[in-house]
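Visitor: Quick one: this structure, given as structure tokens, is what I'll be asking you about.
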Amino acid sequence: MESYRDEHEHEEGHMMKVSLFVTCLVDNLYPQVGEAMVRLLDHLGVEVDFPQAQTCCGQPAFNSGYVDEARASAKTLLDAFEDANYVISPSGSCTGMVHHYYEEMFADDPKRVRQAVDLADKSYEFSQFLVNVLGVTDIGAFFPYSVTYHPSCHGSRLLGVKDEPLQLLRNVRGLELIDLPYDTDCCGFGGTFAVKMGDISTAMVTEKVSHVRETGARVLVGVDMGCLMNIGGRISREGEQVRVMHLAELLYEGVQAGVSD
Amino acid sequence: MTTEIDGKQTGVLDRSRLALQDDFLRAAVRFTADRLRGKKRIATESLGNWETWRERGMQIRSHTVANLDYYLAQFTENVEAAGGHVHFADDAAEAAQTVMNILMEKQARSVVKSKSMVSEEIGINHLLEEHGIEVVETDLGEYIVQLARETPSHIIIPAIHKNRRQIKDLFTEAGGENLTTDTKTLTAFARNTMRNKFLRADVGITGCNFGIAESGSVVLFTNEGNADMVTNLPKTHIVLMGMERLLPAFADLEVMANLLPRAATGQSITTYMSVITGNRRRGDIDGAQEMHLIVLDNGRSRQIGDAKMQSVLNCIRCGACLNVCPVYRQIGGHAYGSVYPGPIGAVLSPVLNEGEKYADLPYASSLCGACSEACPVKIPLHDLLVHLRQRHVEHGHTKTMERLAFRGFKVAFSRPNRLNLAIKMARLGQKALVRNGHIESTLGPLKGWTAGRDAPTVAKQSFHDRWRTLQSELQTQHNHALEPKAERGGDVE
């Protein structure tokens, strides 16, 4: 399998450059997801840059009603990615926030609105970027396990990421993809909702885990660590032996196995 | 926050806890919601171009609401021209009083009702019973709920929370003999009971699915045909209508007649569509001799002109948002503690009733957006829920601890170096709590999370801290790759 790098590295000076929007959750709780993304992009011949000034998209504050607080955080993104060509994140929810709410959030500040619209235009969730921008659907990975996929609500509904992760998974050799019943039902995360309405949220995630169990899959994969933190936390509490992975982790592990295969 | 449990004031979370322990209720809600979702999928696919229909529906409703003053004047003029009497009510109490006045004038002893959410909004059943007037709900689901002395837990399926067994018991208590859980037996009992009530009733009360401005017609959608009995058999017919329930013309009704039943119950068409224009006139073979239309505001007009909230008036009360809502699925309708449950209720109840009463409802959502996606007239419900939370913050109604927490968020997240410091502190702070690589402790502010789930720990090294070494590792790999015979693939952690 020829990688993007193999096809393109001879094109001197045409190496694609992207900036990583790592998201606060991956930055501080799941840095290995960020690393897997960077290594995959590197493998595909894409140069990755990581602007240090970024913190968080502001969604935890915004969705709780604290707009001013959300803006303070969101500004770090507007500034950090001012000069970026592409901004790639491991989260459909955080990128969805940029797409869906930023323009409105800065409506009273013309300079910030311009930055917000520009950022939304060049922001992509990871699988979206791979499939729709790079045109890569087969990354040359080998992953000999049964896998079920949970589509995150914000990624699929706010950002329209529906088939991209599945296209990538279908082309992984050895991988058995099992449909998740009630896949589009929310896992119950919802940011502060999971804490504020803990009992309701727990009931939701308990149902989600029961559907994951029904599939019999060894691995649960997704494109948002918020949801995976929630489902994984319940899986761990119930003592289930299901491995929970971000798509980037799975693909990177698969690429390594594919190379040595 | 008004429902009392054991004499204590409660919020949506407290009420949910009761529902979450009720396995019968949750199983019944899931069963019906699943069935409706499946039927809706088939009904929308067979129609084709569902998104275009939704767009058209949204345009019609938005246009009507934006020009409500014009269409309301045209509609009421036409109702009066057709012989109907029009009454305006600013709030629930005034609407209820108007109904009472009509009943008093008619010396009514017995009332039959067709399903109406506005009648729930103004609490009319309770008032009638207080005045010794018999009132009978004639929609099967509403009848079940009435016998159980409950309120509807769904906009379209009022008794969604009841299973067959419970219904059989209720009907037996109401005088049914030798009943089984068989649908035919149960509906036969309801039919026989109601037949007498229809023939005896002095007044019929209905809601209004759509009012047609160009003709002054009231349009009712039912599946049981009960609205035809309620509007034709008693001498007097009272229509309760939310002021926004209008359509400019019959041509618009075609769009709604396609959208509403499909979105609500997955039917390609409603079983009965009754169009009532005024009262019975000379030569008519049916119709009530007197028709009264009560137009209810009750907080609706306050939303007009509010750029964000106005779209909530587009709602056609189909209940599709309830059927897909993962929160409603777990807690059912009564936990919302308001007439309108589910996502639409979480928006509508706090805007129709300002103040603290329903202020916690917008928080009973994970903001997953399933409601917005399901809405046949494209109301951005999850955006409206966020907007209501923002209003709540602006009005200073959130708790001090929460405000402090987000003040902390602002300080930490406005500068990467401050965030870095905060994370370092968290890394130290979590040490006492970590067991087997995760946190199970139910102490502190995260107990809502940890009561049902393990929490992850802050990573030993953040990505910010990892970046510099990662970058040089990749560079080394590239250099190796350029050397002859170098191994591709690089180091694996």
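The values are calculated or read from the model by the stated rules, or taken from the named source; none is laboratory data. Nothing here was measured: the structure is a model prediction, and the numbers come from that model. Neighbour counts are summed over all protein chains in view; Cβ atoms, including those assigned to glycine, are modelled from backbone coordinates with ideal geometry. In case anyone asks, the SASA skips ligands and DNA or RNA and just uses the protein heavy atoms, side chains included. Shrake-Rupley method; radii C 1.70, N 1.55, O 1.52, S 1.80 Å.
Visitor: Can you name the residue in segment B:390-421 that is open to solvent by 70 Å² or more (accessible area, probe 1.4 Å) and not charged (D, E, K, R) and, of all such residues, is farthest from the other protein chains (Cβ to nearest Cβ)?
Guide: B:400
Visitor: Which residues, counting only those in segment A:62-115, are buried (at least 21 other Cβ atoms within 10 Å of the Cβ), among the aliphatic types (A, V, I, L, M) and closer than 29 Å to residue A:221 by Cβ?
Guide: A:74, A:77, A:87, A:88, A:97, A:98
Visitor: While we're looking at this one, here's another question. For segment B:271-315, enumerate the residues that are of a type in the set (A, V, I, L, M) and open to solvent by 50 Å² or more (accessible area, probe 1.4 Å).
Guide: B:273, B:275, B:285, B:304, B:307
Visitor: Another question, if that's okay. Open to solvent by 30 Å² or more (accessible area, probe 1.4 Å), out of contact with any Lys or Arg (no Cβ under 9 Å at 6 or more places or on another chain) and among the hydroxyl-bearing types (Ser, Thr, Tyr): does that describe residue A:236?
Guide: When the stated conditions are applied, residue A:236 does not pass them.
Visitor: Next question. What number of residues within segment B:348-370 satisfy the criterion of being more than 10 Å from every other protein chain (Cβ to nearest Cβ) and touching a residue at least 12 places away in the same chain (Cβ under 8 Å)?
Guide: 12
Visitor: Given the condition closer than 19 Å to residue A:136 by Cα, assigned to a helix (DSSP H, G or I) and more than 7 Å from chain B (Cβ to nearest Cβ), answer yes or no: does some residue in segment A:43-50 qualify?
Guide: The answer is yes; a qualifying residue exists.
Visitor: Continuing with the same structure: Where residues in segment B:422-442 are open to solvent by less than 80 Å² (accessible area, probe 1.4 Å), of a type in the set (S, T, N, Q) and in a loop (DSSP other than H, G, I, E, B), which of them is modelled with the highest pLDDT?
Guide: B:441
Visitor: Within the bounds of segment A:214-227, is there any residue that is more than 9 Å from chain B (Cβ to nearest Cβ), touching a residue at least 12 places away in the same chain (Cβ under 8 Å), more than 16 Å from residue A:37 (Cβ to Cβ) and among the polar types (S, T, N, Q)?
Guide: Taking every residue of segment A:214-227 in turn, at least one turns out to be more than 9 Å from chain B (Cβ to nearest Cβ), touching a residue at least 12 places away in the same chain (Cβ under 8 Å), more than 16 Å from residue A:37 (Cβ to Cβ) and among the polar types (S, T, N, Q).
Visitor: In contact (Cβ under 8 Å) with a residue 12 or more places away in the chain, in contact with a Ser or Thr (Cβ under 7 Å, 6 or more places away or on another chain) and within 26 Å of residue B:256 (Cα to Cα): is that true of residue B:33 in this structure?
Guide: No, not satisfied.
Visitor: Moving to a separate point now. Kindly establish whether residue A:206 is facing chain B (nearest Cβ under 10 Å), touching a residue at least 24 places away in the same chain (Cβ under 8 Å), within 24 Å of residue A:162 (Cα to Cα) and open to solvent by 20 Å² or more (accessible area, probe 1.4 Å).
Guide: yes
Visitor: Check whether at least one residue in segment B:373-389 is open to solvent by 20 Å² or more (accessible area, probe 1.4 Å) and of a type in the set (Gly, Ala, Ser), and report yes or no.
Guide: No, that holds for no residue.
Visitor: Going through segment A:182-194 one residue at a time, which ones are open to solvent by 40 Å² or more (accessible area, probe 1.4 Å) and not hydroxyl-bearing (Ser, Thr, Tyr)?
Guide: Across segment A:182-194, the qualifying residues are A:183, A:189.
Visitor: Of the conditions (1) in contact (Cβ under 8 Å) with a residue 40 or more places away in the chain; (2) surrounded by 22 or more Cβ atoms within 10 Å (Cβ to Cβ); (3) closer than 30 Å to residue B:383 by Cα, residue A:168 satisfies every one except a single condition; which number is it?
Guide: Condition not satisfied by residue A:168: (3).
Visitor: Let me ask you something else. Just one of the numbered conditions (1) surrounded by fewer than 16 Cβ atoms within 10 Å (Cβ to Cβ); (2) of a type outside the set (Ser, Thr, Tyr); (3) under 27 Å from residue B:125 (Cβ atoms) is not true of residue B:75; which one?
Guide: (1)
Visitor: Can you confirm whether residue B:468 is within 30 Å of residue B:306 (Cα to Cα), open to solvent by 50 Å² or more (accessible area, probe 1.4 Å) and at pLDDT 90 or above?
Guide: No: the conditions fail for residue B:468.
Visitor: Picking from A:134, A:130, A:158, which residue would you name as being open to solvent by less than 50 Å² (accessible area, probe 1.4 Å) and touching a strand residue (DSSP E or B) at 6+ places or on another chain (Cβ under 8 Å)?
Guide: Of A:134, A:130, A:158, the one residue that is open to solvent by less than 50 Å² (accessible area, probe 1.4 Å) and touching a strand residue (DSSP E or B) at 6+ places or on another chain (Cβ under 8 Å) is A:134.
Visitor: Filter segment A:239-261 down to residues that are under 17 Å from the mean Cα position of the chain (by Cα) and more than 17 Å from residue B:437 (Cα to Cα) and give me whichever is surrounded by the fewest Cβ atoms within 10 Å (Cβ to Cβ).
Guide: A:253
Visitor: Look at residue B:281 and say whether it is modelled with pLDDT of 95 or more and either farther than 30 Å from residue B:26 by Cβ or of a type in the set (D, E, K, R) (or both).
Guide: In short, no.
Visitor: Given the structure, is residue A:34 in a loop (DSSP other than H, G, I, E, B), farther than 21 Å from residue B:425 by Cβ and at the interface with chain B (Cβ under 8 Å from one of its Cβ atoms)?
Guide: In short, no.
Visitor: Something else: From A:235, A:200, grab the single residue that is within 7 Å of another protein chain (Cβ to nearest Cβ), of a type in the set (Val, Ile, Thr) and out of contact with any Cys (no Cβ under 7 Å at 6 or more places or on another chain).
Guide: Every option except A:200 fails the conditions.
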